[in-house]
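The values are calculated or read from the model by the stated rules, or taken from the named source; none is laboratory data. These numbers come from a predicted model, not from an experiment. Note: ideal-geometry Cβ built from the backbone for every residue, glycine included; neighbour counts use all protein chains shown. Note: accessible area is taken over every heavy atom of the protein model, side chains too, but ligands, DNA and RNA are not part of it. Shrake-Rupley method; radii C 1.70, N 1.55, O 1.52, S 1.80 Å.
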Amino acid sequence: MLKDKIAVQLYTLREECHADFPGVLRKISQIGYGGVQFAGFQGYDPQELKAVLDEVGLKTAGMHVGFHDIVANTGKVVSDARLFDTRDIICPSIPAELRNEGGYKQLKKDLNGIAKHLKGEGFRISYHNHAFEFETVIEGQNALSYLLEAAVDNEILAELDVYWLQKCGLEPVTFFKPYADRMPIVHMKDMTADGEQAFAEIGTGSIEFEPIIRWGEENGVEWYVVEQDVCRTAPMDCVQTSFTNLYNLMSNLQPNLFGEA
């Protein structure tokens, strides 16, 4: 099913989750999403949230967990990942105080150590980009390329965000190429076509998503995660629009791209 590969990053609905997390999960299922990606639990009991996911048939498309928590509270993070039946633990950013050559090197070392330790248990560690990684040069390359180096001794996988790549003047699919079978999750958000280049619902802006989906299906992407950091209308309306447009785009692609829809 096409929808089984479409998830929403719940940071988009952070205020709604804080007010009624179970109700948000039920609404996400009603819209048609196949999964959700967590960015914290907003004070709710993870066991309660997992029960709701099971009730409505949603899966977990990874968990965003801050770098310091991944390092200092690894056992708790792994326990939560097991509870939600996800392999994917994603570092959503690098703390501001580490956005320098030494900080990026420390993050790469620490995440690799944890990833290698957890690999035997079936877990994966990925890194999610913004734009600031391109402001630092390490060993002749931008910090993002340094972190995600497609080398056998680098266990950090990519969770690339197509908005931030395009915001930096990059063509997303071209940037994806080194990460074939090293990017299980991709973040999908659109960009307004005006000079503001604001966050937008998928299918309403300037980003071409068909080549992104085609590349993903040929190169190991398991989840297409909708995220909109800031919404111009009600966030739930935004995620509804993005789902509808993304699902319709997938449906119009070659039938053999996804198999049975």
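Taken over region 91-105, the residue count meeting the criterion of being over 22 Å from ALA81 (Cα atoms), open to solvent by less than 10 Å² (accessible area, probe 1.4 Å) and either of a type outside the set (Ser, Thr, Tyr) or in a loop (DSSP other than H, G, I, E, B) (or both) is 1. Filtering region 130-161 to residues that are under 16 Å from ILE90 (Cα atoms) and not charged (D, E, K, R) leaves HIS130, LEU144, LEU147, LEU148, ASN154, ILE156, LEU157, ALA158, LEU160.
Evaluate the following for VAL225: is it in a strand (DSSP E or B), touching a residue at least 24 places away in the same chain (Cβ under 8 Å), more than 11 Å from TYR163 (Cβ to Cβ) and not hydroxyl-bearing (Ser, Thr, Tyr)? Spelling it out, VAL225 is indeed in a strand (DSSP E or B), touching a residue at least 24 places away in the same chain (Cβ under 8 Å), more than 11 Å from TYR163 (Cβ to Cβ) and not hydroxyl-bearing (Ser, Thr, Tyr).
If you go through region 106-121 one residue at a time, do you hit one that is part of a loop (DSSP other than H, G, I, E, B), open to solvent by 20 Å² or more (accessible area, probe 1.4 Å), among the charged types (D, E, K, R) and under 24 Å from ILE213 (Cα atoms)? Reasoning before the result, please.
Here is the first cut: in region 106-121, the ones part of a loop (DSSP other than H, G, I, E, B) are 120-121.
Restricting the remaining residues to those that are open to solvent by 20 Å² or more (accessible area, probe 1.4 Å) gives 120-121.
Restricting the remaining residues to those that are among the charged types (D, E, K, R) gives 121.
Now restrict to residues that are under 24 Å from ILE213 (Cα atoms): none.
Scanning region 106-121 turns up no residue that is part of a loop (DSSP other than H, G, I, E, B), open to solvent by 20 Å² or more (accessible area, probe 1.4 Å), among the charged types (D, E, K, R) and under 24 Å from ILE213 (Cα atoms).
Of the residues VAL56, VAL65, which single one is open to solvent by 10 Å² or more (accessible area, probe 1.4 Å), within 17 Å of the chain's Cα centre (by Cα), of a type in the set (Val, Ile, Thr) and under 27 Å from ALA234 (Cα atoms)? Reasoning before the result, please.
Working: VAL56 fails: within 17 Å of the chain's Cα centre (by Cα).
VAL65 is the lone residue from the list that is open to solvent by 10 Å² or more (accessible area, probe 1.4 Å), within 17 Å of the chain's Cα centre (by Cα), of a type in the set (Val, Ile, Thr) and under 27 Å from ALA234 (Cα atoms).
Of the candidates MET191, MET236, the single residue that is surrounded by fewer than 20 Cβ atoms within 10 Å (Cβ to Cβ), farther than 21 Å from ALA115 by Cβ, in contact with a helix residue (DSSP H, G or I) (Cβ under 7 Å, 6 or more places away or on another chain) and touching a residue at least 60 places away in the same chain (Cβ under 8 Å) is MET236. Counting the residues of region 153-186 that are without any contact (Cβ under 8 Å) to a residue 40 or more places away in the chain, surrounded by fewer than 21 Cβ atoms within 10 Å (Cβ to Cβ) and part of a helix (DSSP H, G or I) gives 5.
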